[in-house]
Each structure stands twice: as C-alpha cells, then as structure tokens.
1. Out of the residues in region A:34-61 that are more than 20 Å from A:L286 (Cα to Cα) and away from RNA strand B (no atom under 15 Å from the Cβ), state the one that is nearest to the chain's Cα centre (by Cα).
2. For the subset of region A:463-487 comprising residues that are β-branched (V, I, T) and either within 20 Å of A:V410 (Cβ to Cβ) or within 8 Å of RNA strand B (Cβ to nearest atom) (or both), which member is surrounded by the fewest Cβ atoms within 10 Å (Cβ to Cβ)?
3. Considering every residue within region A:121-143, establish whether at least one is on the phi > 0 side of the Ramachandran plot and either basic (K, R) or more than 9 Å from RNA strand B (Cβ to nearest atom) (or both).
4. Contact list please: Cβ distance under 8 Å, first residue in region A:195-215 and under 16 Å from A:E83 (Cα atoms), second residue assigned to a loop (DSSP other than H, G, I, E, B) and among the aromatic types (F, W, Y), pairs at least six apart or on different chains.
5. Considering A:R176, A:R160, A:R151, which residue is more than 8 Å from RNA strand B (Cβ to nearest atom), surrounded by 14 or more Cβ atoms within 10 Å (Cβ to Cβ) and among the charged types (D, E, K, R)?
6. Going by the structure shown, is A:R414 within 22 Å of the chain's Cα centre (by Cα), away from RNA strand B (no atom under 13 Å from the Cβ), surrounded by 14 or more Cβ atoms within 10 Å (Cβ to Cβ) and not aliphatic (A, V, I, L, M)?
7. Looking only at region A:230-253, decide whether some residue is of a type in the set (D, E, K, R) and assigned to a helix (DSSP H, G or I).
8. Taking the condition of being of a type in the set (S, T, Y), under 19 Å from A:C358 (Cβ atoms) and more than 13 Å from RNA strand B (Cβ to nearest atom), how many residues in region A:376-405 meet it?
Amino acid sequence: MLGLSKDTVRVRFAPSPTGYLHIGGARTALYDWLLAKKTGGRFILRIEDTDRNRFVPDAVQDIKDSLTWMGLTWDEGPDAGGEYGPYYQSERLALYQKYAEELVKAGKAYYCFCTSERLEEMRKKQEEASAPSGYDRHCRDLPADLIQKNRVAGLKYVIRFKVPRTGKTKVYDELRGEMVFDHETLDDFVILKSDGFPTYHLASVIDDHLMEISHVIRGDEWIISMPRHFLLYQALGWEPPAFVHLPIFLSPDGKGKLSKRHGATGVREFKEKGYLPEALVNFLLLLGWHPATDEEVFTLEEAATAFSVERISTSPVSFSLDKLDWYNGLYIRQLSHEELAKRCLPYLQQDGLLPDPCPSAQFTYLVSLMPLVQERIKYLTEISEAVGYFLRDEIEPPSKELLLGKKGTVEETRVILSEVAKVLASLTEFTEEGLEQTLRALAEKLQMKPGQIFMPVRVAVTGQTATPGLFQLLAALGKQKVIGRLKQASAVLAAQ
RNA sequence: GGUCCCAUCGUCUAGGGGUUAGGACACCGCCCUUUCACGGCGGCGGCAGGGGUUCGAAUCCCCUUGGGACUACCA
C-alpha cells in the first residue's frame, strides 16, 4: 500500500455535470461511499464543472437526486457543506490559476500560444505520417521577451505542463500494482485552458490534495493519465493519494463500451423503469466486487461491513441486466405490503388508476392487494397491469377466444359462467375459503374438473389468463364486480 | 499507428501450484399447482491458443490472439 498514512479515509465522488448520472458513475459513487462507511471516513461530493461547453444545467440536480435515491448520502459537498469547500470547481478557479502560475515560475510549465488551427494541422500531419500523436512542444522554449510581447498583445494562451524529455514515471494502482510509463510517450499536456479554467488533470490533483483525499476511486479510463497526475504531484511537491481504478462497463453484447444504444444508462432511467434502489445498489455492488463468501444479497449497510478494496476486480464487466431483474423481483418480494404499496403508488397515479393524493381508504385497499401481486411483478412499472382490474370499475369485455381458451365450447362455457354467477350471487360472504368450497362443489355438481371452470371465470372477471389465485382474487374484487363481469362475459358469448 | 489495461460457464464471478474447477443469474427439465408467478430438485455449460518453469499448472513466466481504454484548450 502506497496510500497516504492519514488517519481518516477521505474519498470523493467527482462527477462532471455534463449529463445525468451514469450507471458507471453510480458504481464508483457506491464504492466510494462503501469505503468511507467501512472505515468511518468521509464521503465527499465534488462537482467538476470545468467544462463550460458541455455543462448541462439539470445535471447537478440529477446527480444529487440519483445519489440520494440510492442512499449514498455525502458528508461534504453541495448542500452538505464542509471544511474543504467550495465543492464546485468553478468556484475554485483562482486556486488553479495560482498553482499553474507557480509551476510556470518554477520552470515546470509554460505558456503556449499555439492556435487551435495550428494544433489541428499538426495532428493531421502526425496522422498522415502515422507518427505518435501529441503536442510538438512548439512553445516549450519560447524566449522570455516573446512571451512577454505575446501576453502584452493579449494573445490567447494555455499553460502546458513541461514533461521531462527523458526518464520514466512509476505510478501505483492499489489493484494493479506498479506501472511504468516512459516520458517519451507523454506530451506536454494542457493544465490551464485559455478561458482560465483548469483541465481535469490540474484541477483534480489540486483538489484531491487540498481536500486531503486519501483514496481516488475512478474509472479505468484514467489509468493512462496516471503518469501526468504523478508528475503533477511531484512538481507540486505533494504526495499522491492511493488510486483505485475500476473496470469499465461493456455493453451487454460484450462489444464496446456501454452506451445509450444499449438501453438505460442513467440512474434515473432505472428508477423510471421500476427498479428499486436496493436492487440497483446490490447489482452494482457485485459488478466488479466480490465478498469472499457465496453471499450475494446485501443491504447498503451490510455491504459497508463486507466491503474491501482488495476484492475489487480488474477485468472489464459486461453490463447484462438479467441479474438486476432477478434482484429487483427479490427485493420486491421482501418489502412489506404497506411499503410495496407506497412504492407502487406513483406508478398507479401516473397511469390514472388512483387519484393523487390518494385517499386512505383506497390506499388501504391497495395494500390489501399487495399479497396477491407481490411475487408476480418484477418491476414496479408492472403494477398497473397487475392491479388494474381491481382498481377499475369496469374492464374491457374479454374476447370470445380468450373466454373459451383452447378447448372450451360456447355452450359449455355459457353454462359455467351462468352457473357460477348464480351460485356466487347467493353467497352472502365473499371469503377465500367460502369461494373455494362453493366453486369446487359446483364443479362436482356439473361433473367437471375444477380447473375447467376456474379458467373461464378468471378470464371473465380479469380479462387475463395469468392472474393471482382465483379465490383470493374474487374475494378482493368483491361480489358486485364479480357478478357484473360474469354477466358481461356471458353476454359476449351470447352475441351471435 | 502509439501507449496502457484486461482475459475461468452465455453473463457476474470463486478459486492464485495438486479441486470431481465452486456459486449466482439466464436457459432447459421435473415437482408443487386452478392460470401465472414464487418455491424445491435436477441438468446444460468454462479455464482463448501456443510455448516454457515444475514431479504437477486454471493458478507462475513469455509469446500470440482477442477485448477494451486513452491518444482534446472533455472529463
């Protein structure tokens, strides 16, 4: 371990507000949070808004909402405050400029007046010659008076880091160990842009140091930038934190990086699709990390206890949703009826099946329906279909085909429906037990197999062939709806 | 092209010199059963290839192959 020997672990999640919180970022935040919780450290949210061109106004809100939804609350950062602020990089510009200038003064960085046109042309030539890409150090050794002249003339400039021409830089990743990069493969990268904003390299190094970050957990697309960061730490005379690079998410088909083309990639989309945060968190947890045991169901708290950086894997992960779906069903089944109803309510309201706000009597009824559907839905979004025929006064009359099923005849089915309606009408109480007894007795009387009469009834009252248990369902539906729908179905068969 | 990372069932992975290579999801079959689910039981299925090292490699080393990342005044 090369990490700082600080007594407190301080980890930061540092998203760039250029879009909604990506599922990959969510996993990074999860691991950050877990490490902090596990060690009694601090979890810090820092907004890296140094790219004004790609800034998305709603992004910060979405990031905060998504983290909160997943239960990943931060100890320092926007809304939480903290001793190390500000936590928006756009509010720390003076800091970056100060250090950049210091590096220039120390001869470790320099002003570069190259225009983007020149840079573009340079790149084109490199490509044509299939030469290694990178800045050609055109401004690296500009005479002092020319620099002065250019600045007085108001020429736009950036500040570039002066990478030593020779030698190598050793970097260290907690998971991969030591990696060595030859300076010859590095170019003089920009640390301060011409608009006065820092690049990621400069800003993250300065902030991680100033905020006393002990562990940097980030995606492994940053591995290749590690030598730049180590060089920066060295130039600034600082000790680097411990680095943990997480494997990236590949598309489910195994080809290429996960992108929007492959379905949901934003945390909010998963929420909208009816996933529970518990399921998403559990799923993400095991995508790149493994406990030493066969356990695979973890609450956030349990995960915090079990978590360890050493057990994070390094190979790329295919983002396949099958297991997420399984987790979701699992967590849905674990919820109390009340809680499940609460979580389903917004989806029901959205589909117009329940009013908003929902009167308590209706909510109570909804709760009573939960045991019938709980183990039958995999996503919260399925609730409307599962429970719609209970909440609606009327349903669409089922088609004749559906009513008859595979081998029913019109005659027979009409008899079943009318007989059932007759018996049930005489029932004073609609209880599960009474219903079952009555219908089974009827089947016997009609000399039919129970199953033979159950299916037409099921279809008649729900319009569906896949439903909860018939007797539970009839009891929950109530006598009035049941009789009405049986008659409606009979009418369908009577027609023509 | 250059630099770097990675490589066990379809997927997530355990296993890190001697294992019948383990688990979960998915898939298939059976059971439970009024349908659908849930649940139970069982099955299918893997060490990318080639060289070493070793008495013995999934495990250590090298090469090949494959996949991926980066190659911006984006992060």
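1. First, pick out the residues of region A:34-61 that are more than 20 Å from A:L286 (Cα to Cα): A:40-61.
Those still in the list that are away from RNA strand B (no atom under 15 Å from the Cβ) too: A:40-43, A:57-58, A:61.
On the way: A:G40: 25, A:G41: 24, A:R42: 22, A:F43: 18, A:P57: 19, A:D58: 17, A:Q61: 15 Å.
If we take residues in region A:34-61 being more than 20 Å from A:L286 (Cα to Cα) and away from RNA strand B (no atom under 15 Å from the Cβ), then A:Q61 is nearest to the chain's Cα centre (by Cα).
2. From region A:463-487, those β-branched (V, I, T) are A:465, A:467, A:482-483; that's our starting set.
Going one step further and asking which of them are either within 20 Å of A:V410 (Cβ to Cβ) or within 8 Å of RNA strand B (Cβ to nearest atom) (or both), we end up with A:465, A:467.
Numbers: A:T465: 11, A:T467: 18.
Going through the qualifying residues, I end up with A:T465.
3. So the first thing to find is which residues in region A:121-143 are on the phi > 0 side of the Ramachandran plot, and the list is A:130, A:134, A:137.
Imposing the further condition that a residue be either basic (K, R) or more than 9 Å from RNA strand B (Cβ to nearest atom) (or both) reduces the set to A:137.
Within region A:121-143, one or more residues are on the phi > 0 side of the Ramachandran plot and either basic (K, R) or more than 9 Å from RNA strand B (Cβ to nearest atom) (or both).
4. Short answer, once both residue conditions are applied: A:H209/A:W238; A:L210/A:Y84; A:M211/A:Y84; A:E212/A:Y84.
5. Working: A:R176 fails: more than 8 Å from RNA strand B (Cβ to nearest atom); A:R151 fails: surrounded by 14 or more Cβ atoms within 10 Å (Cβ to Cβ).
Unique residue meeting the criteria: A:R160.
6. Numbers: within 22 Å of the chain's Cα centre (by Cα): no; away from RNA strand B (no atom under 13 Å from the Cβ): yes; surrounded by 14 or more Cβ atoms within 10 Å (Cβ to Cβ): yes; not aliphatic (A, V, I, L, M): yes.
In short, no.
7. Within region A:230-253, the subset of a type in the set (D, E, K, R) is A:239, A:253.
Those still in the list that are assigned to a helix (DSSP H, G or I) too: none.
No, the conditions are met nowhere in region A:230-253.
8. Initially, region A:376-405 is screened for residues of a type in the set (S, T, Y), giving A:379, A:381, A:384, A:389, A:399.
Narrowing further to those that are under 19 Å from A:C358 (Cβ atoms): A:381, A:384, A:389.
Cutting the leftovers down to more than 13 Å from RNA strand B (Cβ to nearest atom) gives us A:381, A:384.
Result for region A:376-405: 2.
The values are calculated or read from the model by the stated rules, or taken from the named source; none is laboratory data. Note that the coordinates shown come from a computational prediction; the quantities given were computed from them, not determined experimentally. Cβ sites come from the backbone with ideal geometry, for glycine too, and all protein chains shown count toward neighbours.
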